[in-house]
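Just so you know, all these numbers are worked out from the coordinates, no wet-lab data involved. What you see is a predicted model; the values in this text were computed from it and never measured. Positions of Cβ are backbone-derived with ideal geometry, glycine not excepted, and every protein chain shown enters the neighbour counts.
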Amino acid sequence: MVGKTWPIRSTEIMPGKLKAKIVAGRHLPVMDRASDLTDAFVEVKFGTTTFKTDVYPKSLNPQWNSEWFKFEVDDEDLQDEPLQITVLDHDTYSANDAIGKVYIDIDPLLCTEAASVISGWFPIYDTIHGIRGEINVLVKVELFNDLNRFRQSSCGVKFFCTTSIPRSYRAVIVHGFVEELVVNEDPEYQWIDRIRTPRASNEARQRLISLMSGELQRKIGLKVLEMGGNAVVGYLQCFDLEGESGLVVRAIGTACTLEKLSSGGGPICCPHPNTAPASNACNSPSKDGKEPVFGEDLPLSSGPPTPFRSLPTSSSSPPPFSPSKPCSRQSSSSDTDLSLTPKTGMGSGGSAGKEAGPLKTLLRQQTQTALEQREFPFFTLTSFPPGFLVHVGGVVSARSVKLLDRIHNPDEPETRDAWWEEIRQEIKSHAKALGCHAVVGYSESTSICEEVCILSASGTAAILNPRYMREGCLDFGSTDHRFEEPSPPACGFCHIPYDELNMPFPAQLAYCYQCRRQKVPDVLFTTIDLPPEGAVTGKGCLIQARLCRLKKKAQGEVNATAISNLLPFMEYELHTQLMNKLKLRSMNALFGLRIQISVGENMLLGLASATGVYLTALPAPGGIQIAGKTPGDLNNEQHISTIQKRINDTIAKSKELYQINPPELTEEGVGSPIPEPRQRSRLFRSHSESSDELSELDLSHGKKDAFVLEIDDTDAVEDIHSLLTDASPPSGFYSCNTETMPGIYNWTSGVQMFTSVRVLRLSNTNLTNQGLNKIFTDLCENLLKSFYFKLRSMIPCCLCHLNFTVAVPEEELVQVSVTAVAMTFDKDQNQEKPLEKSIIKGGSETEEQLQFPLELCADSSSTSSQPSSKISVSSLEHCSPLPDARSRSLRSSRSFGGSSVTTVKMTPLSFLPGTRIIKYLGIINMFFIRETTSLREEGGVSGFLHSFIAEVFAMVRAHVAALGGNAVVSYSMKDCVLMENPNKNQAQCLINVSGDAVICVRETDQEQMTSMMNSGQTCSTTDGAT
Amino acid sequence: MAVELDVFVGNTTIMDEEVYQLWLDGYTVNDAVKARMEGGVLDKTEATADVLLSDTMDQYRTFQMCERLLHSPSKLANQLLFQIPPHRQAMLIERYYTFDDGFVREVLGKKLSKGTKKDLDDISAKTGVTLKSCRRQFDNFKRVFKVVEELKGPLVENIRQHFLLSDKLARDYAAIVFFANNRFETGKKKLQYLNFQDFAFCAGQLINNWTVGAIDNMVEDMDVDLDKEFLQELKELKVLITDKDLLDQHKSLVCTALRGKTKVFNEMEANFKNLSRSLVNIATKLTNTKDVRDFFIDLVEKFIEPCRSDRWAAADVKLYLTHYTNSAHILDTFKHQVVWDRYMGVIKSCIFKMYHD
């Protein structure tokens, strides 16, 4: 009756005890056709130890109520291994049939601050049949106190997918970049796969990836501990299914030392990313006034001005295709050689580094030293504590084409490490060329087709304030150094970081339209979110550039070279499209820029997404002027004037739509002369076929005041037409790919996260580039239109964090996957961000300012604008104006009408509007495979994927609920790899999702709690609010 | 170029009530798209027909996946696959189990068997309800029937709890189950003027008064069968028509009470014996299953039609039946007051309900 144990692993090191209890099952499938019932039992496995429950005969709702199964394990296993639960149907005469499995990641239990128990109903998952009933499981971990002895593990290091300092924490030190990569043979490509069942193969793969993720996380954790940190923020883990050469799991993140804020933290709430840490530091009234302070000791803000760093520059370096020679392996370990000379791939940018001149201050040098001591001064964060970001230079990116079948030793990570090392060095040198010592909003990605792999990395070159770095901290020698230092102006991040006299590339500079003291570029491209202190005029919108390029089918080096040659042109064209579309919307800056280039056998797809805004600090964008190449042709001129009119109309319409009414400039009263706002800006189309010419063209952008678009051939006409085809969202809708929409601040609590996937089959084999572009553009536009339609009941609403991913899964297929969240906002409230708010930097908040977000919360949930008169409610549900978007706190849901299902909200953002995250329960990182051999019966490939995605959501929700959480923030679907063979009635899909499990409470609840726990602070809050 | 795959999945399952209704009504995707376009959904949004098609397909898929859960609604609240707010779950269930009055009228009282299911295409053609919808409705009847058949306790409550239906809908299903179980004839031409709600009302009366569960001990017995003991006791009522003295006495009591109160007094007086014989005969024959089936046809043929041909108003019928019932209490030799009341109470309300054009 008692479960059997086969302890194999030696237990001389035993830092912990894992305990699991199998309570019950429900909704099990019928396994015995004769009786319409099931004789179920459960195997619980951890590492190499397995326990079994008794068979619960003849029931679809078995009550095992097992004893506690105890696993004595070492810490390394605890981190690497998942708890594996298998539900089987007992069969006396033949082999027991597996019903399905549950993998439980016990990592959240290893952090004292995270979850303490995992308890709840988990879907029983089978890779062939999907979800087959549910099982109720209890899991606990008992850790020994002296865990730190065991240096192989990194128990206790917290991981966050969130790309900002998690709410309810304060960043004491931001240590910087951590990366790791592990390789294994892909079970699907092992010889044994020929003889085992698809189920066994899928399960082997799921288990392997789970193990590798655990190992990766542990190794990254170790690096964090070495750096003296206690957390990884902006943790980004990816899989590369290389095929024959292996399966790679790699991750990057930002190591930090975080400090938990007392639960009575400041009531700064939802709509403003990253204000919470700042407000909490303000235990005493700030010394800083509301006015921006230009400290004499911060001359870095008077640094050289510059415009954005144009994108294609990265590709103006020779395509970094490293040919197949085995000698391309540069180093034997993943540690980078510091002495590697950065490539000067940035055209003229090499001179603008730290030797930029006498303007440099001691502080800046210190910062630079601090950062340059790092191998890679990269940060995966996209939004930052106020004051962290001093200047933003522009986007830096690097791509490289590699051949997977030429990896010398595929089972070892060295080659891939060297590849990434190379790319990162390039990024670093690009940043340097922009006069920046750091890269923020950094991310890496790959695209694989057969043996060709494109590695990509991008980020935003920036200058950071050193006070968050260890070294910087020491300089101030104070525990609360925030007050030791005056804050830079809110517009500071727009000011150019490079030397005006020694610019890395020609650019149009102007004096900042906000402070009038520093130079700003005419356009700014970044990969980060709009800093909370950044002032925008009007609202933003999603801007996408889409591009298809056909290529010949080829093999090996020829193929790689062809791709390498195409990449710079693609980047250039994407960039031009972005620039033109930005101007068409009368905007001057892009945030959250993400450029994806996906490779297929006979084409390359490029998709650039960003959120356009009008930064108040930057000059007004010029219009677009069309000119024909052959003057005198009457027809042509008429045509041109028609197009010109359409363009002008579009710009005018955009201004109205996005409420872009920049204040008229009064030039008198401004100290410095302001350059005439240019009415036109220069845009180029490339007709060149050589990369030399390209770089020249590229860098001359903005140099001349002349017209923009030349119509010299039919292609150009098509391009202009395609510019104008992007439909603006229907009224009541906004869209952006950043966390929130710049210009909207009064979010209400309606939230709907969704994933949508579309695949097109290109049947026409004689497609041209133009034809493909049209198809691809329509695909993306139609997806957006679908979203607007489906979510129309949420109006007024904004689609936030629209994350488009393109892939070419097969020769004639184009796949676009989108994950985003629709959020409602209050239209009637004053949309304008109070001006003072935009100028004041976060670190200097006074009581008066604290009032602002409080009011927002109050208004979003009740008619009263006075927080003090709010009624305490104990469940999230009450705050939802949308019947569909209801949610309830754990407590209330458990007692609700017999339903055992907790509502779990999911969002790709780092917060849920109207709520406050009180606890991070741990990272959710799940990988699933689903396969079918009855595709038609499951409703075709759409039916198959539809149910799989729904199942993935269900499993994520179940795990979060079992951890005691009620929401997932920073959720993302990182992979959705679909393979189909309709002729064989088969399909297979792999999905990888991640996010942070959290407990959040309604804002008002939190205030009540606060008032009880921290009377002092609440006093001031309430005073300020009433 | 063709759309190979197109899916949209929300964390909270998105369901449009309008599309749900079209799906329930058995529209094909294309017909549903047409209907939605005619409904003007595109006018309010800037969407195209493609968008509508894609949305309709998504929702149809979702409904199909949910259908399995709707077959045992309690599962819907406990399943993990779809995150649906409770009030939406209630809507889904209620709508799924809602039926067309036209359809139910056709199968009411029929055996819920495969044979009947085969006739569904005829019913579909006759009622204009799509075959798909007919099948869903028929399967719902059958499913509810099967579940409650084996349960003890009050019928309506059982249905309400097992299928999480509203009280009204649960009562309607109780009527359907009750009719199917007793195989009441409802299809005869003479009964065509009666709608489902008339029958449902009568079923309620029968369930509440003539079943075993009606008297007491609600837990022990089922509501679906008539109380055999009671049916046996009804035979005793025969004395009202076989004992000539009693019959005359009854008549004179009723006539005295009615005189001057109705325009059709003469007809009432003339028909009293016939009508009384009819009602008592119906009572005494109810021990035969065959006669139970003919209960409603008998009421119509033997009582309602004669009254109607004499142009009794509804108020006249009411008046007559009230006095007819009450006068029996004054008959000194008539000893079966309890059975009489139990019988006539139901007969009275059924006839009131059924006495219309």
Quick calc: nm separation of the 7 Å Cα→Cβ label points for residue B:38 and residue B:308 -> 3.5
Rounded to the nearest 20 Debye, what is the dipole magnitude of segment B:17-97 about its Cα centre when Lys and Arg each give +1 and Asp and Glu each give -1 at the C-beta? 400
Between residue A:35 and residue B:114, take the C-beta separation as r, use R0 = 22 Å, and let me know the FRET efficiency to the nearest 0.05. 0.40
Obtain the nm distance between the two label points defined at residue A:555 and residue A:91 by a simple spin-label model: each point lies 7 Å from its Cα along the Cα-to-C-beta direction. 4.5
How high is the relative contact order of segment B:228-354, in percent, with contacts defined as C-alpha pairs under 8 Å that are six or more residues apart? 36
To the nearest 20 debye, what is the magnitude of the charge dipole of segment B:228-354 about its Cα centre, counting +1 on the Cβ of each Lys and Arg and -1 on the Cβ of each Asp and Glu? 240
Place a point 7 Å from the Cα of residue B:273 along the Cα-to-Cβ direction; which residues of segment B:288-302 have their backbone N under 11 Å from it? none
If you take the beta carbon distance between residue A:795 and residue A:981 as r and set R0 to 30 Å, what does 1/(1 + (r/R0)^6) give as a FRET efficiency, to the nearest 0.05? 0.15
Size of charge dipole - chain B - debye, nearest 20, with Cβ of Lys, Arg +1 and Asp, Glu -1, no other charges: 1120
Percent relative contact order for segment A:554-647, counting Cα pairs under 8 Å at least six residues apart, stands at 24
Taking a crude spin-label model, label points 7 Å out from Cα along the C-beta direction, the residue B:341 to residue A:68 distance in nm is 6.5
When Lys and Arg each count +1 and Asp and Glu each count -1, what net charge do the other residues less than 13 Å away from residue B:79, Cβ to Cβ, add up to? +2
Net charge around residue B:352, counting only other residues with Cβ within less than 11 Å of its Cβ (Lys, Arg = +1; Asp, Glu = -1)? +2
Once the other residues with Cβ under 10 Å from the Cβ of residue A:812 are scored (Lys, Arg +1; Asp, Glu -1), what is the net sum? -3
Distance violations [Cα-Cα > 20 Å] among B:238/B:348; B:114/B:142; A:140/A:905; B:110/B:146; A:432/A:974: A:140/A:905; A:432/A:974
Choice from B:331, B:70, B:164 showing the highest fluctuation, given a GNM over chain B with Cα pairs closer than 10 Å: B:331
Using alpha carbon centroids, what distance separates segment B:231-254 and segment A:900-955, in Å? 73
Which FRET efficiency value, to the nearest 0.05, is calculated for residue B:98 and residue B:131 with the Förster distance at 22 angstrom and r the Cβ-Cβ distance? 0.80
For A:756-763, mean number of other protein chain Cβ atoms within 10 Å: 5
Just need the relative contact order of segment B:101-210 here, percent rounded to a whole number, with Cα pairs under 8 Å and 6+ apart. 34
Viscosity 0.890 mPa s, temperature 25 °C: Stokes-Einstein D of segment B:17-97 from its Kirkwood Cα radius, in µm² per second? 182
Compute the long axis of helix B:196-210 from its Cα atoms, compare it with the longest principal axis of the Cα atoms of chain B, and write down the angle in degrees, 0 to 90, nearest 10. 60
Would you be so kind as to identify which of B:116, B:195, B:129 lies farthest towards the positive end of the dipole of segment B:101-210, taking Lys and Arg as +1 and Asp and Glu as -1 on Cβ and the Cα centre as origin? B:116
